[in-house]
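See structure below.
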Amino acid sequence: MIRNQTTNIWRWLPITLIPIALCLSSNCFAHVRWFIADGTNPETTLPYDTVSLAIVFATISLLLFATTVSYLPLLPNRLKTGLTRPVISDYPWMWYLLILVINCYLAVNLLMGEFLAPNLYLSPQVAIYGVLIQAAAIVLMAVSVSLTGFAIVLTSLGLFVFFPFFIALDYVFEFLFVGLAMIFIGPSLNNNDNKFCISLGQHKKQWRSIAVNLIRIGLGLQLLELGIHNKLMLPGMALAFIDQNAYYNFFPLLNLPQVSNLHFVLFVGLSEAILGLLLITNLANRLIYGLLLMIFMLTFLLSGTEELVGHMPIFTVLLILFLEAGGPLNVKQPMFGKIEKGKA
């Protein structure tokens with residue numbers, strides 16, 4: 001029975017996602033600081049013209065679409081269910097994948113001499129602390145996932161100690177909320193964490209739901225901050241990146257040469273900010289999560305392995321959200337794989 005339900009889900013899912021993907025763009029959601037050195041970005045301001053106004057209306061339409069799609073009476077009930085109801089299995093395999101990715105990510109950082117991100121390097125005076133913190137997080141994983149999550153929370157807050165405020169702000173939400181989510185998903189993955197959870201009178205599946213909400217809010221805050229800070233407030237660095245990689249601006253290929261690279265920066269900034277708001281407010285559904293997965297995959301294909309390393313955790317987080325997060329019509333009953341409250 002479960003197998004048949006699963007087959008039905010994946011049968012209509014590509015039919016739903018492909019038309020949306022063809023209508024939308026592969027935005028540049030990379031951290032532009034990975035590719036453009038500080039101090040090389042030109043001083044510029046966003047344009048205020050008819051083209052900019054059209055871009056604003058086009059991106060806001062995405063917000064309206066995502067808000068209304070789950071409530072449209074014309075949509076079949078099965079489609080609405082598929083967009084909003086979480087797919088939960090008792091075995092949290094996708095969370096184990098996230099733990100593996102975090103381990104690999106930290107290991108790559110240690111090998112490359114980086115601190116949490118491809119463009120963050122500690123000064124020689126404090127580099128040893130960065131090595132110890134990231135190595136400790138890897139070692140602790142075998143003992144307690146929750147304890148490792150706590151270590152990642154402290155590490156993310158350490159960004160404000162080691163780096164300027166606005167550089168740290170570009171990364172803190174992603175790692176802070178992944179660390180918090182690991183604290184709450186720990187009882188589902190580790191017996192030691194589960195015993196601690198039971199001692200507090202809590203249930204691991206309730207904590208699993210909290211973990212899903214934490215990664216959703218964290219990714220939303222990350223996109224919102226990057227869109228506002230790196231594109232809308234300081235468009236110079238993003239413009240320098242687009243000028244060096246003009247193929248990202250797909251509008252001239254659509255016979256819209258009036259959309260300049262600076263207009264494209266506005267489009268990307270607004271798109272990031274709106275998608276972030278959708279995630280934070282839980283208005284996003286499976287269409288939005290699938291769209292984000294495709295966007296990050298396309299930017300990886302265009303930008304190369306440097307972006308893949310930096311975005312490994314985000315790929316896994318989006319996979320978890322695609323499967324476990326619902327939407328405005330989210331219900332307690334999963335699409336398949338019943339959760340029994342009395343089962344530890």
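The values are calculated or read from the model by the stated rules, or taken from the named source; none is laboratory data. Since the model is a prediction, treat every value here as computed from it, not as a measurement. Positions of Cβ are generated from backbone atoms using ideal geometry, with glycine treated the same way; all protein chains shown enter the neighbour counts. Areas reflect the complete protein model, heavy atoms only, side chains present, ligands, DNA and RNA absent. Shrake-Rupley method; radii C 1.70, N 1.55, O 1.52, S 1.80 Å.
Only a single criterion out of (1) farther than 24 Å from Phe184 by Cα; (2) without any contact (Cβ under 8 Å) to a residue 12 or more places away in the chain is not satisfied by Val126, namely (2).
Residue-by-condition table, conditions (1) assigned to a helix (DSSP H, G or I); (2) within 21 Å of Ile217 (Cβ to Cβ); (3) out of contact with any His (no Cβ under 9 Å at 6 or more places or on another chain); (4) open to solvent by less than 40 Å² (accessible area, probe 1.4 Å):
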{"position": "Val101", "(1), (2), (3), (4)": "yes, yes, yes, yes"}
{"position": "Val131", "(1), (2), (3), (4)": "yes, no, yes, no"}
{"position": "Ala135", "(1), (2), (3), (4)": "yes, no, yes, yes"}
{"position": "Leu159", "(1), (2), (3), (4)": "yes, yes, yes, yes"}
{"position": "Gly179", "(1), (2), (3), (4)": "yes, yes, yes, yes"}
{"position": "Asn194", "(1), (2), (3), (4)": "yes, no, yes, yes"}
{"position": "Ile198", "(1), (2), (3), (4)": "yes, no, yes, no"}
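If only residues of region 247-262 that are over 18 Å from Leu46 (Cβ atoms) and not in a loop (DSSP other than H, G, I, E, B) are counted, the one that is least open to solvent (accessible area, probe 1.4 Å) is Pro252.
For the criterion of being of a type outside the set (Gly, Ala, Ser), open to solvent by 50 Å² or more (accessible area, probe 1.4 Å) and assigned to a helix (DSSP H, G or I), Ile167 fails.
Of the residues making up region 234-246, those that are open to solvent by 60 Å² or more (accessible area, probe 1.4 Å) and not in a loop (DSSP other than H, G, I, E, B) number 2. All conditions in (1) touching a residue at least 60 places away in the same chain (Cβ under 8 Å); (2) touching a helix residue (DSSP H, G or I) at 6+ places or on another chain (Cβ under 7 Å) hold for Ile198, with the sole exception of (2). Summed over region 213-233, residues that are of a type in the set (Val, Ile, Thr) and buried (at least 22 other Cβ atoms within 10 Å of the Cβ) total 1.
Cβ separations smaller than 6 Å between residues 6+ apart or across chains give no pair from region 40-66 residues that are farther than 19 Å from Leu283 by Cβ and open to solvent by less than 60 Å² (accessible area, probe 1.4 Å) to residues that are among the basic types (Lys, Arg) and at pLDDT 80 or above.
Just one of the numbered conditions (1) outside any helix (DSSP H, G or I); (2) under 18 Å from the mean Cα position of the chain (by Cα); (3) surrounded by fewer than 20 Cβ atoms within 10 Å (Cβ to Cβ) is not true of Leu97: (1).
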